[in-house]
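No lab work stands behind these numbers, since they all come straight from the coordinates. Note that the structure is predicted; figures quoted are calculated from it, not measured. Quick reminder, even Gly has a Cβ in these numbers, built from the backbone with ideal geometry, and neighbours come from all protein chains shown.
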Amino acid sequence: MVDRNNVPVLRQVVLDCTDARSLAEFYRSLLGLSYRDGDEPPPAGEPDEHGCDWLVLRTEAGAQLAFQQVDALPEATWPDGPVPQQMHLDLTVGSVADLRVQHERVLRLGGRLLRDEIDDPDEPLRVYADPAGHPFCVFVG
């Protein structure tokens, strides 16, 4: 049995990206998250010092999604090709109707559809790539 008082605590999931601000804005809009204090976008015309390095978004419950700027990042070619997805986010909605609504939002925000299994009777889902090419799933659950 694991002693819950003596294990690490998951703090956040970190996504590498070549444009931290842009990817953070995609997920902020998609998931309704808020920036950690100090990570908000600067006023128009001001330099974005934080957006060129590391940004953190938070849920109301305290979960965090972070974005780490890198110089280059090969886009995942999953499910075919030489570059695996390595990790992905799973997001859920309550119904197929909700999945259809979120599909339009994902596309409007800059995501693209990779796989459509909305008609799967056991687990309707769609797989998308975010603007940086990271795959993520939205499924009914």
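Which residue fluctuates most in the GNM of the chain (Cα springs below 10 Å): Val13, Val56, Val106?
Val13
For Gln68, what charge total do you get from the other residues with a beta carbon under 11 Å from its beta carbon, if Lys and Arg give +1 and Asp and Glu give -1?
My count for the surroundings of Gln68 gives -2.
Add +1 for every Lys or Arg and -1 for every Asp or Glu among the other residues with Cβ under 15 Å from the Cβ of Pro79, and state the total.
-1
Given bins 5 angstrom wide, list per bin the percent of all Cα-Cα distances in the chain, short to long.
Histogram of Cα-Cα distances, whole percents per bin: 2, 9, 17, 19, 19, 15, 10, 6, 2, 0, 0.
Could you tally the net charge around Val101, taking each other residue with its Cβ under 13 Å from the Cβ of Val101, Lys/Arg +1 and Asp/Glu -1?
+2
Determine the percent antiparallel among the DSSP beta bridges restricted to the chain, to the nearest 5.
Antiparallel: roughly 60 percent of the beta bridges in the chain.
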